[in-house]
1. Answer yes or no as to whether Phe98 is aromatic (Phe, Trp, Tyr), at pLDDT 95 or above and within 16 Å of the ligand (Cβ to nearest atom).
2. If we scan the range 183-202, do we find a residue that is part of a loop (DSSP other than H, G, I, E, B), out of contact with any Leu (no Cβ under 7 Å at 6 or more places or on another chain), of a type in the set (Gly, Ala, Ser) and touching a residue at least 40 places away in the same chain (Cβ under 8 Å)?
3. State which residue is surrounded by the fewest Cβ atoms within 10 Å (Cβ to Cβ) when the search covers only the range 92-118 and only residues that are of a type in the set (S, T, N, Q) and assigned to a loop (DSSP other than H, G, I, E, B).
4. Only one of (1) closer than 18 Å to Val368 by Cβ; (2) touching a strand residue (DSSP E or B) at 6+ places or on another chain (Cβ under 9 Å); (3) not acidic (Asp, Glu) fails for Ala176. Which number is that?
5. Looking only at residues in the range 254-265 that are over 12 Å from the mean Cα position of the chain (by Cα) and not in a loop (DSSP other than H, G, I, E, B), which one is surrounded by the most Cβ atoms within 10 Å (Cβ to Cβ)?
6. In this structure, does Thr230 turn out to be at pLDDT 95 or above, among the polar types (S, T, N, Q), buried (at least 19 other Cβ atoms within 10 Å of the Cβ) and part of a loop (DSSP other than H, G, I, E, B)?
7. Run down Ala310, Ala306, Ala278 and say which single residue is surrounded by 22 or more Cβ atoms within 10 Å (Cβ to Cβ), assigned to a helix (DSSP H, G or I), in contact (Cβ under 8 Å) with a residue 60 or more places away in the chain and within 15 Å of the ligand (Cβ to nearest atom).
8. Before we move on, is Leu334 away from the ligand (no atom under 16 Å from the Cβ), hydrophobic (A, V, I, L, M, F, W, C), in a helix (DSSP H, G or I) and out of contact with any helix residue (DSSP H, G or I) (no Cβ under 8 Å at 6 or more places or on another chain)?
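The values are calculated or read from the model by the stated rules, or taken from the named source; none is laboratory data. Model, not experiment: these values are computed from the prediction. Cβ placement follows ideal geometry from the backbone for every residue including glycine, while neighbour counts extend to all protein chains displayed.
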Amino acid sequence: MKFTESERLNEAAQEHILGGVNSPSRSFKAVGGGSPVFMDKAAGAYFWDVDGNRYIDYLAAYGPIITGHTHPHVTEAIQAAAADGVLYGTPTRYENEFAAMLKDAMPSMEKVRFVNSGTEAVMTTIRVARAYTGRDKIIKFAGCYHGHSDLVLVAAGSGPATLGSPDSAGVTKAIAKEVITVPFNDIDGFREAMDRWGDEIAGVLVEPIVGNFGIVEPAEGFLEAVNEITHEAGALVIYDEVITAFRFMYGGAQNYCGVEPDMTALGKIIGGGLPIGAYGGRQDIMEKVAPLGPAYQAGTMAGNPASIRAGIACLEVLRQEGVYEHLDELGAMLEDGIRAHAAKHHVPITLNRLKGALTVYFGVDGVVNYDEAEASDGEMFGRFFKLMLGQGVNLAPSKYEAWFLTTAHTKADIEETLKAVDYAFSKL
Ligand code: PMP
């Protein structure tokens, strides 16, 4: 496979765009370097790059593209929105319809607000939690990504509970002190942190099923314990469902796991591929938001008709019978094949899968928290990634990301992928 045109465009990009990419995760820094592939066109489960190479896509744009690229129903909604004018700056009936759909799927969201990204959604839930409780601190779990607002760019070191230090230059020490980080799936560590700081905590930010150090499910009783301990301390539980909502079922991880948060942040899938975020929660909490309450949040693009109509169309597709069964069936096929090839070639892997999302970690035996994901072999993943790319299979260029299936993938795509896995494993 040749990547000549991608390489040329990457060089040109360096001249104008900082680092050549508009989001750092798109660079190939984490997989041993090289030029990222410049995609030109996508349809269904496939990508074509600027050199004319075709790929089976498991990136799904880091999650949103669950119906595959150019799904006719979603495309039609976007075309209709374009024809009707893409931005009004007034309320529209589509926002009512979509908010009702979200509430219907996730009843814990008694009131909803639309924003433009997952980052904004999470950032605002924190502000609202602070406004509601009158407290400043938050707890997050190590390795969980919640967007790039200052407060959540803190990951902190090891230990059961550590006061935060900034993970990015430009985040002040004062802000980092407001964040406490605890290992995921560690009830004792969480309880310890809450014993110490509980009466200062406004909210506990949780990815109920982790998607950001690979797919990691909560241990039995973990989410229930987080709810109980948090509420005892008078703090709020905030679920970051930016990846998880509508990924594993029609609804959120909160429905899947049967545990309800006080507030929820959404993004990705609910925009059908267009920019979106949303947050919501209990009525009395949401009443803290302007224009009803003192916590300010606004947005020129918030609730824009194009994103909302694409989101409605996407959920209409996902609501159809058999969608999640299809994703699960293909996920199982992929999992079984990868495990069989790993055994055949003696490649040490841990594979975490839930429905149509999975992560393959190299060189570790089990991953239930960030430290274990971090210990996985990034160098081996980098070689695997490039061997797959060279055979026309597009994965995310990071050992921490998931493979995402879409409704457009077929059994034939999985078979083709598994042939590529067989060859890649033989070369590792
Ligand atoms: N929360 C989670 C769980 C995410 O995975 C992401 C993005 N990967 C975000 C928040 C931020 O969303 P966005 O990139 O839309 O700002």
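1. Spelling it out, it is not the case that Phe98 is aromatic (Phe, Trp, Tyr), at pLDDT 95 or above and within 16 Å of the ligand (Cβ to nearest atom).
2. Looking only at the range 183-202, we keep the residues that are part of a loop (DSSP other than H, G, I, E, B), and these are 183-186.
Retained after the next criterion (residues that are out of contact with any Leu (no Cβ under 7 Å at 6 or more places or on another chain)): 183-186.
Checking the rest, the ones that are also of a type in the set (Gly, Ala, Ser) come to none.
Scanning the range 183-202, I find no residue that is part of a loop (DSSP other than H, G, I, E, B), out of contact with any Leu (no Cβ under 7 Å at 6 or more places or on another chain), of a type in the set (Gly, Ala, Ser) and touching a residue at least 40 places away in the same chain (Cβ under 8 Å), so the answer is no.
3. Let us first name the residues in the range 92-118 that are of a type in the set (S, T, N, Q), namely 92, 96, 108, 116-117.
Keeping just the survivors that are assigned to a loop (DSSP other than H, G, I, E, B) gives 92, 108, 116-117.
Working: Thr92: 16, Ser108: 19, Asn116: 21, Ser117: 20.
For the range 92-118, the residue satisfying everything is Thr92.
4. Unmet condition: (1).
5. Narrowing the range 254-265 to residues over 12 Å from the mean Cα position of the chain (by Cα): 254-264.
This time we only want the ones that are not in a loop (DSSP other than H, G, I, E, B), so: 254-257, 263-264.
Values: Gln254: 25, Asn255: 18, Tyr256: 18, Cys257: 18, Met263: 27, Thr264: 29.
Out of the qualifying residues, it is Thr264.
6. So Thr230 does not fit the description; no.
7. Working: Ala306 fails: within 15 Å of the ligand (Cβ to nearest atom); Ala278 fails: assigned to a helix (DSSP H, G or I).
One residue alone meets the criteria, Ala310.
8. Working: away from the ligand (no atom under 16 Å from the Cβ): yes; hydrophobic (A, V, I, L, M, F, W, C): yes; in a helix (DSSP H, G or I): yes; out of contact with any helix residue (DSSP H, G or I) (no Cβ under 8 Å at 6 or more places or on another chain): no.
No, not satisfied.
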